[in-house]
Amino acid sequence: MSGVPIALAGELVAASLAAWRVGGVAACTADGAIVIERTRDSKTVRIEPKPDDSMFRWLVIVDGRPRPAVSLVAVLRQVRAALDADFAATRVRVSLAPLLVP
Amino acid sequence: MTSAHAIPVSVLTGFLGSGKTTLLGHLLRQPELSRAAVIINEFGEIGLDHELIATSEDSVIALTTGCLCCKVRSDLTQTLHDLLRRRDAGALAFDRVVIETSGLADPAPILHALMTDVALAERVTLGSVVTTVDAVAGEATLDREAVSRKQAAVADRIVLTKLDLAGGEAAALRQRIAALNSAAPMLHAVRGRIAAADLFAAALSEPRPDAGPQIDAWLGDAAAHSHAHHDAELISYAIVRAGPIQAVALTLFLEALAEHCGADLLRLKGIVNIAESPQRPAVIHGVQHVFHAPAWLERWPSAERTSRMVFITRRIPQRWVEALLDAIGAEVACVSKKDSSW
């Protein structure tokens, strides 16, 4: 297993669709994958855990093309890119000023 | 990079006419701010606010070239650099800076400028964000002006003004503000009068091992409750986790938050129980996609060992944030376990 129970990953993917306001549904399948279907055009994305691959622990299949992903964060990035044409990732910037706490 | 002598820069914001300048005038008469340099941003052809501040003229600078949030990187940072140069030359003595924004300013770019300017970072640190809200017109302003909601949402302290004119305790307004920002204590000023210590105690000042009450004040009441407070657009909530969080999980979590919803993450602050550092919790703080590196307390400030993170967001669902943290935590835990078994 990739380590993450598929139900937990499925819940994250479903919550992500809502957070990104991408119309669609995500469901866990009997064979242990997650399938997303976009509402407006039935475009599908399939997410499979890759239990035997210690480096690429997930496979994201978009339009029949499989793309490996190293982590759930990478999975989310690929799913968002596939379903949300307007998505432009924001890179974290780390403050140069020290955080001084109370 | 040391924080020992960093000069706190506090931001005083609030919508037009909400009493910022009156408040500042009274604050500057108090000993806590007797050595403060003040930057006043006025939006309009003729600046008046700085004329209304009774203090040493050298330590008050008016920026009248436009709204601070729009020209922040050039004007504000340049002004701060100039102030520091004059201080270094002995021409000016101050140990704190207060920026009064224009009433139309979005405070987030101002906070970003303070957090990310390379040269400033060695000299200054972000202090309290104080937001004034007019008890008479505040509700209507919050309804009408998106920037006023953002000003309230990012505050460490909210100061209700003109309560004497409102004729009551402004209960509805208080509820409205709490929905925007349940983490910020609400205080009130009578004709601008309020104790400076009440506003600037929330400043991110020197780390202290006995910082329990200060940490709690900084996080606010919201940290104790995980339920959400809703405005039509802005949501504030706290996420509490009893178990420790692995450092890399926290990093990935913050990265994913910023990557997907950075613009809508108005403010995040928290104290986190890091698995690799059980005795020294991390304090985190971010404004949109800009995060401070965590600060590490010498020890836990109280017997409480839970991780508490307060979120003020524009429509980022709490459910997603929780699912993200939990799933990333589970994945990192599994990978760590696998690594250790090799």
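Side notes on the structure shown:
- Subset of region B:286-297 [within 16 Å of the chain's Cα centre (by Cα) and part of a strand (DSSP E or B)]: B:Gly286, B:Val287, B:Val290, B:Phe291, B:Ala295
- Screening B:Pro278, B:Pro294 for residues that are modelled with pLDDT of 90 or more and not aromatic (Phe, Trp, Tyr) leaves exactly one candidate, B:Pro278.
- Screening B:Trp296 with (1) touching a Lys or Arg at 6+ places or on another chain (Cβ under 7 Å); (2) within 8 Å of another protein chain (Cβ to nearest Cβ); (3) aromatic (Phe, Trp, Tyr) gives one miss only, at (2).
- Taking every residue in region A:24-40 that is closer than 17 Å to A:Gly64 by Cβ and pairing it with any residue that is of a type in the set (D, E, K, R) and not in a loop (DSSP other than H, G, I, E, B), at least 6 positions away or on another chain, the pairs with Cβ-Cβ distances below 6 Å are A:Ala33/A:Arg46; A:Ala33/A:Glu48; A:Val35/A:Arg46.
- Candidate set: region B:253-273, residues that are among the charged types (D, E, K, R) and in a helix (DSSP H, G or I); chosen: the one nearest to B:Pro109 (Cα to Cα): B:Asp264
Results for (1) of a type outside the set (Lys, Arg); (2) without any contact (Cβ under 8 Å) to a residue 60 or more places away in the chain; (3) touching an Asp or Glu at 6+ places or on another chain (Cβ under 6 Å), shown as yes or no for each residue.
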{"residue": "B:Asn273", "(1), (2), (3)": "yes, yes, no"}
{"residue": "B:Arg280", "(1), (2), (3)": "no, yes, no"}
{"residue": "B:Val283", "(1), (2), (3)": "yes, no, no"}
{"residue": "B:Ile328", "(1), (2), (3)": "yes, no, no"}
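- If you go through region B:254-275 and keep only what is within 20 Å of B:Ile312 (Cβ to Cβ) and either facing chain A (nearest Cβ under 7 Å) or more than 21 Å from the chain's Cα centre (by Cα) (or both), you end up with B:Leu254, B:Glu255, B:Ala256, B:Ala258, B:Glu259, B:His260, B:Cys261, B:Gly262, B:Ala263.
- Selection from region B:299-327 of residues that are of a type in the set (Asp, Glu) and at the interface with another protein chain (Cβ under 9 Å from one of its Cβ atoms): B:Glu322, B:Asp326
- Of the residues examined, B:Ile194 is one that is modelled with pLDDT of 80 or more, surrounded by fewer than 23 Cβ atoms within 10 Å (Cβ to Cβ) and hydrophobic (A, V, I, L, M, F, W, C).
- Across region B:92-123, the number of residues qualifying as touching a Cys at 6+ places or on another chain (Cβ under 7 Å) and of a type in the set (Gly, Ala, Ser) comes to 2.
- Residues of region B:18-41 satisfying the condition of being of a type in the set (S, T, N, Q) and either out of contact with any Cys (no Cβ under 8 Å at 6 or more places or on another chain) or surrounded by fewer than 18 Cβ atoms within 10 Å (Cβ to Cβ) (or both): B:Ser18, B:Thr21, B:Thr22, B:Gln30, B:Ser34
Quick grid of which residues meet (1) crowded, with 19+ Cβ neighbours inside 10 Å; (2) part of a helix (DSSP H, G or I); (3) on the phi < 0 side of the Ramachandran plot:
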position: B:Ser236; (1), (2), (3): yes, no, yes
position: B:Thr251; (1), (2), (3): no, yes, yes
position: B:Pro278; (1), (2), (3): no, no, yes
position: B:Ile284; (1), (2), (3): yes, no, yes
position: B:Arg299; (1), (2), (3): no, no, yes
position: B:Val310; (1), (2), (3): yes, no, yes
position: B:Trp320; (1), (2), (3): yes, yes, yes
position: B:Gly329; (1), (2), (3): yes, yes, yes
position: B:Lys338; (1), (2), (3): no, yes, yes
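- When the residues of region A:22-43 are filtered to those that are at pLDDT below 95 and hydroxyl-bearing (Ser, Thr, Tyr), the one that is surrounded by the fewest Cβ atoms within 10 Å (Cβ to Cβ) is A:Ser42.
The values are calculated or read from the model by the stated rules, or taken from the named source; none is laboratory data. Only a predicted model underlies this, so the values are computations on that prediction, with no experimental measurement involved. In this analysis, Cβ positions are derived from the backbone assuming ideal geometry, glycine residues included, and neighbour counts consider all displayed protein chains.
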